[in-house]
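Notes follow the structure.
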Amino acid sequence: MSWHPQYRSSKFRHVYGKAASKDKCYDCVPITRSVHDNHFCAVNPSFIAVVTECAGGGAFLVIPIKQTGKLDPHYPKVCGHEGNVLDIKWNPFNDFVIASCSEDATVKIWDIPNQLLKRNITTPKKELLGHARRVGLIEWHPTADNILFSSGYDYKIMIWNLDVKDAVISKPVKILDVHKDVVLSMSFNTDGSLLATACRDRKIRVIDPRAGTVLQEASYKSHRANKVLFLGNMKKLFSTGTSWWNNRQIALWDQNDLSVPLLEEDLDGSSGLLFPIYDSDTHMLYVVGKGDGNIRYYEISPEKPYLNYLMEYRSHLPQKGIGMMPKRGLDVAACEIFRFYKLIPTKSLIEPISMIVPRRSESYQEDIYPLTAAAQPALTAQQWLNGIDKGPLLVSLKPGSGAVSSLPQFLDSELFTKATDLSQQEGGGGRTLLEDKQKPREIKEDRKRLKAEVVLPEFEQMCLSNGFDIFECPPPKTENELLHMYFRQQEEIRRLRALVNQRDVQIKQLELELRNLSVDTGSY
């Protein structure tokens, strides 16, 4: 019988939760009194959005992330819905676009100005009309631009393509009609090719969203799932729910076999919902209890026991909802690996909670910050609808590495669509690393050089950059197009440098072998 140590060796074993000081919290925020089981909060590095109370309809607040302290009671709202707002989600590729859904059976897309709001926003950028009953859930696609999923109390999941000019869209590109009751939770795998759902009929389903077919269905009786989550590339699902005895319960599943869970564990006898949140970079899983102040966290491993309990953050203040900061908004200097925004309606307070790895060194800790998903899409909406899958673009969180801003500050969406159409000629389906931004002087020099190459057609050699022929397409006409071309050239330069270094090593090895041979022959 093999001996197993009581403690695992893990760099996240001593992670602890640290609540922000009072002056770093958001006070006097009128948090919604809705009993709907959602997060009610959405966060990005620029704004925090929270569902609020509003007379005569539904509304939510959008507060600049740095505007902490007491909120003005007359602070403007985003209030275009006729019913209560049930869910809000920021576009992962644009910090200034947010989607909301409501009891009025509509989904609305809003443009948020890049400054402090001075008046209420009542006119949405787009309105999606398709559901017959109230819409309870919305999710943006993780890698494709402008693809939105919505789930309503008409038991349907609708897929919307927002890459159209119409302000009102009444026809979704796809309707998934495979559920017999209300969908309680939706989750994508890493490249967005699969969708997992938890339904009120207590079944977990894995769906191919483009084909509209159910690939796997769990009908395990002793676990009634409320929330389900894909665990990144682990090929596993995690669900929270209740047992036969109404204890709060967690379960781990193999995504290819949902007949029996790999692991099942009762937590406690509380009645509040459990929100699961997974960090695919650190393989840490957080379980947030609604109605209590606890955040449990675990580390996921590919082998048994799969789920390794680390610690629990405790607080006497109960949370109604929770928001999560994307990785690019974390404070890497403080070794912060995750940040929650806890909604405390009893005190009208939003309290940030930082999950910190204790380290003595103040330098950048590369081992706890692997490459993470960037704020740029890997695919256009049409490419994904045509059946192409691609993992997220990756960036480093190291200060000064660049490429961590969202779309409006980096690439114009239309130009990015053209650029990604070109990049699709490569046929790559993996996760791609974004390069640093180019300096203005280098941009001008590259523009001059490219123009010089185009006006000299007598040179017929092919100028390839990562498999892309710059003469097959017209030269870049804007700075954004030039930036995109530059990044691809930088990728090719990096690849060639690695090749040159490899050959240098081989040359040195051969020289040593020749020297040894000459020494051997001289001795004879």
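The values are calculated or read from the model by the stated rules, or taken from the named source; none is laboratory data. Fair warning: this is a prediction, and the values are worked out from it, not measured in the lab. All Cβ positions, glycine included, derive from the backbone under ideal geometry; neighbour counts span all protein chains shown. When the accessible area is computed, the model is the full protein with side chains, heavy atoms only, and any ligands, DNA or RNA have been set aside. Shrake-Rupley method; radii C 1.70, N 1.55, O 1.52, S 1.80 Å.
A few points about this structure:
- Test: residue in region 95-110 that is within 16 Å of the chain's Cα centre (by Cα) and in a loop (DSSP other than H, G, I, E, B): yes
- Screening I159 against (1) within 24 Å of C41 (Cβ to Cβ); (2) of a type in the set (V, I, T); (3) within 23 Å of the chain's Cα centre (by Cα) leaves a single unmet condition, (1).
- The listed residues are T190, T213, T106, T197, and the only one of them that is closer than 20 Å to C54 by Cβ and of a type in the set (S, T, Y) turns out to be T106.
- Options G69, G80; residue that is at positive phi and open to solvent by less than 40 Å² (accessible area, probe 1.4 Å): G69
- Only a single criterion out of (1) within 30 Å of N386 (Cβ to Cβ); (2) open to solvent by 30 Å² or more (accessible area, probe 1.4 Å); (3) of a type in the set (F, W, Y) is not satisfied by F230, namely (2).
- Enumeration of residues in region 162-173 that are assigned to a strand (DSSP E or B) and in contact with a Phe, Trp or Tyr (Cβ under 9 Å, 6 or more places away or on another chain): I169
- Of the strands (runs of 3 or more DSSP E) that lie entirely inside region 300-389, those containing 3 or more residues that are of a type in the set (D, E, K, R) and out of contact with any helix residue (DSSP H, G or I) (no Cβ under 7 Å at 6 or more places or on another chain) span 336-344.
- Here is the figure for region 111-144: residues that are of a type in the set (D, E) and under 23 Å from the mean Cα position of the chain (by Cα) total 2.
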